[in-house]
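Enquirer: Handing you a structure now.
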Amino acid sequence: MFESAPTILIIEHDEQTRHDVQFILKGIGYHVVTAPRGLDGIDLARKINPDLIIVAMELPDLMGGELATTLRSESRFRETPMIVFMENDDATLRDMAFAAGINGHMVKPINLEALPFNIEFYMSGGTDSIDDTERLQVARSRFLQDVVKRLEERIRELEDKNETLERIDQMKDSFIQLTAHELRTPLTLITGYSRLLEDHPPMQELREKDEGMSTLIDGLVESITRMQGIIEEILTVSRIMTSQIELTLAPTNMSKLVRDVLHQYIDVIDERNLTVYFSEDEWPQSMRADGDLLRLTISNLVSNAIKYTPDGGEIRLHAQTKGKLLRFSVIDTGIGISEDQKSVIFERFHIGGAVETHTTSKTAFGGGGLGLGLAICKGIIEAHGGTITVESDGHDPDRLPGSAFIVILPVIANSSQNVFSTNKTGVLKRLARS
Ligand code: ADP
């Protein structure tokens, strides 16, 4: 109806004033948009480009003058009429509003009868007359001082809030760590009891006779093992996140380490008909590193590659040493990772989605994990002074673009301690059960 009607933006915290003014202005044909807070008002102004802006002198988040200065600094608002609604006719505040770029003022309670005439006056380019330029100069510098003071207050407030958030974050980390610790003790006992139960001769007899009982016991042991894994994962990640990670550096045979990890998954690799390519002699046979933690990293990357690659797919592990850097990658032909996920998957508890393409992975890994694996990998690699990144041509369970996780690690060789025997193959080979 008012398609060609001028648009007025009212930025006013007081609901009654906002409502009354909107009612009158709409009644005489203006298109009216409102915002109760300054920052929302600025966003709206940028979106709708209003023909006139009314702003309250005092808003919960900004002063009217600050809002006016912000908008006036943008070329499209340089000529837009801006009016301030003042609590009282304070000459100093009014001058400061003018210094900030306001064209006119009205004092609350707003005279609703005079409102249409006033708005028309300002809409057609009218401004309040400012005769005393010296007074305006004084107001301008006072306004600037005021803005600086408020900025300082805001910075202090934000610093306080930040400190509180950091403290809460630390409390959360300690809480997670403490809970995981507390859970670990009874769980160790439960594991012990379940083993005893498994080995108990009458139970073994019962298992032989009763298939249902056997399945129950297997399920119980499997779940306990999985729960232990989760608790260990949480403890490791909380140590990494609270920078309590301590590397135990020792000569590490990377090719043996990777081979061991792959053998750990040999059953699921067979069951899922996956082909794994890995050439032992690409990997350093002796470098200083924390072997246990690197094993955990590679294990996480391989388990993800298995988890997110449909049956019959391929996984490749490559390594290359250049100067003092080892670059290794775990590449799969799986469902891939979308552009927006790439930046967040290394965060704690981030889970990208369901393991939807195949069912067998659900038996092997119980579906997706906790979203801790990559956070652990990142913490470990960074503690070694390295980097971990991901490359993928998007997420697509049909096209299967695959993913490549690339790790770069500084190599500190241990040439004097060549204590590891190696089994060089020299070619890419399909991993075979040994
Ligand atoms: P989770 O234990 O859930 O697998 P991770 O931290 O290891 O947690 O991985 C986080 C998310 O990153 C996963 O939920 C998954 O969406 C995505 N992701 C990790 N590895 C791969 C991969 N090889 N292919 C596709 N997506 C992956």
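Enquirer: Out of everything in the range 293-320 that is open to solvent by 10 Å² or more (accessible area, probe 1.4 Å) and closer than 15 Å to K378 by Cα, what residue ends up being nearest to the ligand (Cβ to nearest atom)?
Expert: Looking at residues that are open to solvent by 10 Å² or more (accessible area, probe 1.4 Å) and closer than 15 Å to K378 by Cα, I get N304.
Enquirer: Turning to a different aspect of this structure: Counting only residues that are modelled with pLDDT under 95 and among the basic types (K, R), which one in the range 311-362 is nearest to S392 (Cα to Cα)?
Expert: It comes out as K342.
Enquirer: Among all residue pairs at least 6 apart or on different chains, which show Cβ distances below 9 Å where the first residue, located in the range 163-180, is in contact (Cβ under 8 Å) with a residue 12 or more places away in the chain and the second is assigned to a helix (DSSP H, G or I) and among the basic types (K, R)?
Expert: Sorted first by the residue in the range 163-180, then by its partner, the pairs are Q177/R239.
Enquirer: Can you pull out every residue in the range 321-337 that is open to solvent by 10 Å² or more (accessible area, probe 1.4 Å), aliphatic (A, V, I, L, M) and more than 11 Å from the ligand (Cβ to nearest atom)?
Expert: The answer is L325, and nothing else.
Enquirer: Being aliphatic (A, V, I, L, M), within 19 Å of I315 (Cβ to Cβ) and surrounded by 18 or more Cβ atoms within 10 Å (Cβ to Cβ) is the requirement here; does V237 meet it? Walk me through how you get there before you give the answer.
Expert: Details: aliphatic (A, V, I, L, M): yes; within 19 Å of I315 (Cβ to Cβ): no; surrounded by 18 or more Cβ atoms within 10 Å (Cβ to Cβ): yes.
No.
Enquirer: Given the structure, is I381 assigned to a helix (DSSP H, G or I), at pLDDT 55 or above and open to solvent by less than 20 Å² (accessible area, probe 1.4 Å)? Spell out how you get there, then give the answer.
Expert: Working: assigned to a helix (DSSP H, G or I): yes; at pLDDT 55 or above: yes; open to solvent by less than 20 Å² (accessible area, probe 1.4 Å): yes.
Answer is yes for this residue.
Enquirer: So the check is Cβ under 6 Å with 6+ separation or different chains; which pairs have a first residue in the range 326-349 that's under 18 Å from I306 (Cα atoms) and in contact (Cβ under 8 Å) with a residue 60 or more places away in the chain and a second one that's part of a strand (DSSP E or B) and among the hydroxyl-bearing types (S, T, Y)?
Expert: Hits for this filter: D332/S403; G336/S392; G336/S403; I337/S392; I337/S403.
Enquirer: Tell me, which residue of the range 116-136 that is assigned to a helix (DSSP H, G or I) and either of a type in the set (G, A, S) or modelled with pLDDT under 75 (or both) is farthest from I10 (Cα to Cα)?
Expert: We begin by selecting, within the range 116-136, every residue assigned to a helix (DSSP H, G or I); these are 116-123, 133-136.
After this cut, where a residue has to be either of a type in the set (G, A, S) or modelled with pLDDT under 75 (or both) as well, the list is 133-136.
Details: T133: 29, E134: 31, R135: 28, L136: 26 Å.
Out of the qualifying residues, it is E134.
Enquirer: Further question: Identify all residues within the range 176-200 that are farther than 30 Å from S238 by Cβ and open to solvent by 80 Å² or more (accessible area, probe 1.4 Å); write none if there are none. Give the derivation first.
Expert: Residues of the range 176-200 farther than 30 Å from S238 by Cβ: 196-200.
Within the range 176-200, L196, D199, H200 qualify.
Enquirer: What's the number of the condition Q285 fails, among (1) open to solvent by 10 Å² or more (accessible area, probe 1.4 Å); (2) under 30 Å from I176 (Cβ atoms)?
Expert: Checking Q285 against (1) open to solvent by 10 Å² or more (accessible area, probe 1.4 Å); (2) under 30 Å from I176 (Cβ atoms), the one that fails is (2).
Enquirer: So, I119, is that one surrounded by fewer than 14 Cβ atoms within 10 Å (Cβ to Cβ), touching a Leu at 6+ places or on another chain (Cβ under 9 Å) and within 22 Å of T7 (Cβ to Cβ) or not?
Expert: Numbers: surrounded by fewer than 14 Cβ atoms within 10 Å (Cβ to Cβ): no; touching a Leu at 6+ places or on another chain (Cβ under 9 Å): yes; within 22 Å of T7 (Cβ to Cβ): yes.
Considered against the rule, which asks whether it is surrounded by fewer than 14 Cβ atoms within 10 Å (Cβ to Cβ), touching a Leu at 6+ places or on another chain (Cβ under 9 Å) and within 22 Å of T7 (Cβ to Cβ), I119 comes out as no.
The values are calculated or read from the model by the stated rules, or taken from the named source; none is laboratory data. What you are looking at is a predicted structure, and each value in this text was computed from that prediction instead of being measured. No Cβ is skipped: glycine too gets one built from the backbone with ideal geometry, and neighbour counts run over all protein chains shown. Side chains included, ligands, DNA and RNA excluded: accessible areas come from the protein's heavy atoms. Shrake-Rupley method; radii C 1.70, N 1.55, O 1.52, S 1.80 Å.
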